[in-house]
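Visitor: The structure under discussion is supplied below as structure tokens; questions concerning it will follow.
The values are calculated or read from the model by the stated rules, or taken from the named source; none is laboratory data. Nothing here was measured: the structure is a model prediction, and the numbers come from that model. Neighbour counts are summed over all protein chains in view; Cβ atoms, including those assigned to glycine, are modelled from backbone coordinates with ideal geometry. These area figures cover heavy atoms from the full protein model, side chains too; ligands, DNA and RNA do not enter into them. Shrake-Rupley method; radii C 1.70, N 1.55, O 1.52, S 1.80 Å.
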Amino acid sequence: MKIYKFGGTSVGTPERMKEVCQLITEDGEKKIIVLSAMSGTTNSLVEIADYFRKGNPEGAGSVVNALRRTYHEHLPALYSDERILEKTRKLLDEIFLQLNDFRGREFSDADEKVILSKGEIMSTNMVTNYLKEIGVKTYLLPALEYMKLDRNGEPDVAYIREKLDEQLKANPDYDIYITQGFICMNADGQVDNLQRGGSDYTASLIGASIRADEIQIWTDIDGMHNNDPRFVEGTSPVRQLNFEEAAELAYFGAKILHPTCVQPARYAGVPVRLKNTLDPKAPGTLINNDQQEGVIKAVAAKDNITAIKIVSSRMLLASGFMCKVFNVFDKYKTSIDMITTSEVGVSLSIDNTSRLAAIVDELKEVGTVVVDEGMCIICVVGDLRWSNEGFESLAANALRDIPVRMISYGGSDHNISFLIKMEHKKAALKALQEKLFA
Ligand code: ADP
Ligand code: ASP
Ligand code: MG
């Protein structure tokens, strides 16, 4: 069985929803379909929660009303059968009532997660009811009944497999199974989610869990491009990526894939295919275990990085210095992206600055600390084994007019990373496009 995941833009209008339904039913094969919320909906839900948190239920109410109006406009465009339209309207109105139900009391993080879960619940019900209207045997698999996080906030893989299996076995006679991306339960039995953009992760977890033949991520572009199309013109799709290359690109900013999405598929050995809903015939990108030799595949950029330099108080690095430095980051549960070392000190980069003040405070016990904020990691990905001569100098040479704060190479066979100022990101991506892919 294959898993297909459609992102927000792919189900962003009734017309798009119908196109998706055509696409998933035309080959007659059984599939599990993971859907995001309609585009813009999760942002509106974040806004609603924000108003409640700030004690402004009227603000929340006006966003709920605007959302309700938009959804009501979608319904006649989606359904011809008046009964199905009414049934769906009732279900959506029930949800809009629930969204208004947080006034007059203390608002918690758990409440926010309940609010955020409604987008995917609405989109999956809308598409399920449409498929039923056109006569497709469709089952709505409720994600909250099988997708679960453990005590560490990681997917509870054994639970997911068991419950998903149960659900599929108990409901065998369907052609299409629709389920919600993004949403899950946590170890305390509360509604939770897999972080913004996490529907890709849902698809990958399901695909790994049932050992699917393939996981397809359908979005608004024809696969992974060799550079970020939001900043560089003339990018082109990459036809194949190794799992590790895809993981590096996703982690370092290629928005088409959620950073966590590659790992479950890689461990289960399930290939992932990136496809374009707007051009379904386009080949897209296949992600699997193959490694194309001697090729630089793509470039990505990750913003809002902070660099921290710690210079040892002694002349030369005493043994135990590194250990002390890393212990500080471990203590504050802050993961490090890049590291470079010298005889007298170490520079490293982090993207989570929530504990920065405490980290810097403790690092001052081991050395002199300098912090540079507003940085960006530029990551060049491909066959970057050290035995391949000239690849690192090619990338470095492309950036010769840009001040580079750190360079990291040799940590894996797949990437070389540069830390630069965020204001130079666009110029750096463009220069790499010209020098590496022109
Ligand atoms: P969805 O809502 O379907 O999950 P996303 O917006 O999360 O879609 O991801 C698709 C977007 O990712 C594209 O529209 C594109 O602008 C952006 N993107 C960033 N880097 C890349 C890249 N290297 N290749 C393709 N798309 C990219
Ligand atoms: N709807 C969620 C979001 O906008 C999840 C997703 O689209 O993947 O972040
Ligand atoms: Mg996405």
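Visitor: For the structure I just gave you, tell me whether LEU67 is on the phi < 0 side of the Ramachandran plot, touching a residue at least 40 places away in the same chain (Cβ under 8 Å), within 16 Å of ligand 2 (Cβ to nearest atom) and buried (at least 16 other Cβ atoms within 10 Å of the Cβ).
Guide: no
Visitor: Please enumerate the residues belonging to the stretch 29-49 that are open to solvent by 10 Å² or more (accessible area, probe 1.4 Å) and closer than 11 Å to LEU116 by Cα.
Guide: Within the stretch 29-49, THR42, ASN43, SER44, VAL46, GLU47 meet the criteria.
Visitor: Identify the single condition in (1) under 21 Å from GLU133 (Cβ atoms); (2) part of a loop (DSSP other than H, G, I, E, B); (3) more than 16 Å from ligand 3 (Cβ to nearest atom) that GLY55 does not satisfy, given that it satisfies every other one.
Guide: Failing condition for GLY55: (1).
Visitor: Out of everything in the stretch 385-396 that is part of a loop (DSSP other than H, G, I, E, B) and touching a Gly at 6+ places or on another chain (Cβ under 8 Å), what residue ends up being least open to solvent (accessible area, probe 1.4 Å)?
Guide: Checked the stretch 385-396; the qualifying residue least open to solvent (accessible area, probe 1.4 Å) is ASN388.
Visitor: Of (1) out of contact with any Phe, Trp or Tyr (no Cβ under 9 Å at 6 or more places or on another chain); (2) surrounded by fewer than 20 Cβ atoms within 10 Å (Cβ to Cβ), ALA358 satisfies all except one. Which?
Guide: Only one criterion in (1) out of contact with any Phe, Trp or Tyr (no Cβ under 9 Å at 6 or more places or on another chain); (2) surrounded by fewer than 20 Cβ atoms within 10 Å (Cβ to Cβ) is unmet by ALA358, namely (1).
Visitor: Cβ-Cβ under 7 Å, sequence separation 6+ or interchain: first residue in the stretch 185-199 and without any contact (Cβ under 8 Å) to a residue 40 or more places away in the chain, partner open to solvent by 40 Å² or more (accessible area, probe 1.4 Å) and more than 16 Å from ligand 3 (Cβ to nearest atom). Which pairs?
Guide: That search, which allows pairs on different chains as well, returns ALA187/ASP150; ALA187/ARG151.
Visitor: Right, here's the next one. Can you tell me which condition SER62 does not meet? The list is (1) under 26 Å from the mean Cα position of the chain (by Cα); (2) of a type in the set (Gly, Ala, Ser); (3) open to solvent by 60 Å² or more (accessible area, probe 1.4 Å), and all the others hold.
Guide: SER62 satisfies every listed condition except (1).
Visitor: Keeping to the stretch 237-251, report how many residues are within 10 Å of ligand 1 (Cβ to nearest atom) and open to solvent by 10 Å² or more (accessible area, probe 1.4 Å).
Guide: 2
Visitor: When residues of the stretch 254-267 are filtered for being open to solvent by 10 Å² or more (accessible area, probe 1.4 Å) and within 14 Å of ligand 3 (Cβ to nearest atom), how many remain?
Guide: The qualifying residues number 6.
Visitor: On the basis of being in contact (Cβ under 8 Å) with a residue 12 or more places away in the chain, assigned to a helix (DSSP H, G or I), surrounded by fewer than 20 Cβ atoms within 10 Å (Cβ to Cβ) and not small (Gly, Ala, Ser), does TYR174 make the cut?
Guide: No, not satisfied.
Visitor: Restricting attention to the stretch 15-24, report how many residues are in contact (Cβ under 8 Å) with a residue 24 or more places away in the chain and surrounded by fewer than 19 Cβ atoms within 10 Å (Cβ to Cβ).
Guide: Of the residues in the stretch 15-24, 4 are in contact (Cβ under 8 Å) with a residue 24 or more places away in the chain and surrounded by fewer than 19 Cβ atoms within 10 Å (Cβ to Cβ).
Visitor: Please determine whether any residue of the stretch 246-253 is at pLDDT below 95 and within 13 Å of ligand 3 (Cβ to nearest atom).
Guide: yes
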